[in-house]
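The values are calculated or read from the model by the stated rules, or taken from the named source; none is laboratory data. Everything numeric in this text was worked out from a predicted model, so none of it was measured. Cβ placement follows ideal geometry from the backbone for every residue including glycine, while neighbour counts extend to all protein chains displayed. Surface accessibility is based on the protein's heavy atoms, side chains included, excluding ligands, DNA and RNA. Shrake-Rupley method; radii C 1.70, N 1.55, O 1.52, S 1.80 Å.
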Amino acid sequence: MTLQHTSLEIRREDVDAELEFWALLGFDHVDAPSGLRSRATWVARDGTHIHLLHSDDPTVMPRGHVAVLADDYDATVGRLRDAGFDVEPDEEFWGAARGFVRTPAGHRVEVMAAPPPP
């Protein structure tokens, strides 16, 4: 079994900024099915989707997060910082660099150089 997608709520006016953010992490904007396009914007990378659900009053978890494995951690963090995002390094629990950043809509994203051990 594989996790195929997760969903995050965003305001409709944050769509463009969110698309730019997720592109920095290697996610491409993909078409949602026609019946969902008015309610959601989708991004995808290597078969994994993030569904950005349009909401007038989105819920943003203070600590909950999405984790992304970066192909090149240093380059990814550099792109985020160059685009004005604050990437906060965190403890390397399994010997790999990792840090947290907030999307334009306020969602917390963990960027990892390597996944935790099985």
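Which one of the conditions (1) open to solvent by less than 80 Å² (accessible area, probe 1.4 Å); (2) under 22 Å from Gly106 (Cβ atoms); (3) assigned to a loop (DSSP other than H, G, I, E, B) does Asp56 fail to meet, given that it meets all the rest? Every condition holds for Asp56 apart from (1). Screening the stretch 82-91 for residues that are touching a Lys or Arg at 6+ places or on another chain (Cβ under 8 Å) and closer than 16 Å to Asp72 by Cα and picking the one that is least open to solvent (accessible area, probe 1.4 Å) gives Val87. Asp14 fulfils the conditions (1) charged (D, E, K, R); (2) under 13 Å from Ala105 (Cβ atoms); (3) open to solvent by 90 Å² or more (accessible area, probe 1.4 Å) except for a single criterion, (3). Looking only at residues in the stretch 1-36 that are more than 15 Å from the chain's Cα centre (by Cα) and hydrophobic (A, V, I, L, M, F, W, C), which one is modelled with the lowest pLDDT? Taking the candidates together, the pick is Met1.
Take Glu20 and tell me if it is part of a helix (DSSP H, G or I) and over 18 Å from Ala113 (Cα atoms). Considered against the rule, which asks whether it is part of a helix (DSSP H, G or I) and over 18 Å from Ala113 (Cα atoms), Glu20 comes out as yes. Within the stretch 38-48, take every residue that is surrounded by 12 or more Cβ atoms within 10 Å (Cβ to Cβ) and free of Cβ contacts under 8 Å to residues at least 40 places away in the same chain and give me the one that is nearest to Ala97 (Cα to Cα). Ranking the candidates gives Arg45 first.
Quick one: would you say Arg39 is modelled with pLDDT of 95 or more, farther than 21 Å from Glu88 by Cα and basic (Lys, Arg)? Criteria met by Arg39.
Please determine whether any residue of the stretch 68-77 is in contact with a strand residue (DSSP E or B) (Cβ under 9 Å, 6 or more places away or on another chain), under 17 Å from His5 (Cβ atoms) and either aliphatic (A, V, I, L, M) or open to solvent by 60 Å² or more (accessible area, probe 1.4 Å) (or both). Within the stretch 68-77 (the criterion being in contact with a strand residue (DSSP E or B) (Cβ under 9 Å, 6 or more places away or on another chain), under 17 Å from His5 (Cβ atoms) and either aliphatic (A, V, I, L, M) or open to solvent by 60 Å² or more (accessible area, probe 1.4 Å) (or both)), the answer is yes, since at least one residue qualifies.
Could you say which residue among His65, His51 is within 12 Å of the chain's Cα centre (by Cα), open to solvent by 80 Å² or more (accessible area, probe 1.4 Å) and of a type outside the set (D, E, K, R)? Exactly one of His65, His51 is within 12 Å of the chain's Cα centre (by Cα), open to solvent by 80 Å² or more (accessible area, probe 1.4 Å) and of a type outside the set (D, E, K, R), namely His65.
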